[in-house]
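> I have a structure I would like to understand better, so I am pasting it below and will then ask my questions one at a time.
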Amino acid sequence: MVDSAHDEAIRFLSGLENVSAKTMTRLHTINGQPASQAVENLASLVCDMVHAAHQTALQVCATKAPPSEGGKHYMPRSMSKKRHKLSVKLGVIDQIELRLAGLNGMNGLCSHTGRGPAKE
C-alpha cells in the first residue's frame with residue numbers, strides 16, 4: 001500500500017514539471033481514496049510499525065545487567081549504548097507524534113502507544 005501510494009505521488013509530482021508554479025495543483029486521490037483519508041491510513045500504518053519495533057526492542061534488548069562482583073551494579077558499555085540509542089529513538093518517536101498531533105489537531109493518532117497526546 002505504501003509503495004503504490006509513493007509511486008502515485010511521484011507520478012503526480014513528475015507531471016507538474018511543465019506546469020506553472022503560479023497555479024495551485026493538488027493531489028485529490030491516492031490509491032482510489034481521498035488524499036486526506038489515505039494519508040491518515042498511511043500514518044496509522046507507520047505508527048503501528050514504530051510501535052511494533054519499539055515493543056520488539058523492549059523484549060529483545062535486556063536493560064538489566066546481572067550483578068557483578070563486589071555488589072556493584074552497573075550496565076556493560078555495549079548494553080548502555082543500546083539502551084541510550086533506544087531512549088533517543090523513543091524521544092524522536094514522541095516528538096513525531098506530538099508534531100503530528102499539533103499539525104493536524106489529531107489527539108491520539110497513536111493512542112495504542114500510551115505516550116501520545118492527552119485524550120479529552
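> Taking the simple approach of a point 7 Å from Cα along Cα-to-Cβ for both THR23 and ARG77, what is their distance in nm?
6.3
> Here is a further query. Please give the length that would be gained between LEU13 and GLN95 if that part of the chain were fully extended, namely 0.36 nm times their separation in residues minus their C-alpha to C-alpha distance (nm, one decimal). Mind showing how you got there, number by number?
On the way: separation 82, 0.36 × 82 = 29.52 nm, distance 2.83 nm.
Separation in residues times 0.36 nm, less the Cα-Cα distance, equals 26.7 nm.
> With label points built 7 Å along Cα→Cβ from the Cα atoms of CYS61 and ASN31, find their separation and express it in nm.
Rounded to a tenth, the inter-label distance reads 2.9 nm.
Values quoted throughout were computed directly from the atomic coordinates according to the rules given, and no laboratory measurement underlies them. Source: prediction; values computed, not measured. Note that each Cβ is placed from the backbone with ideal geometry, even for glycine, and that neighbours are counted across all protein chains shown.
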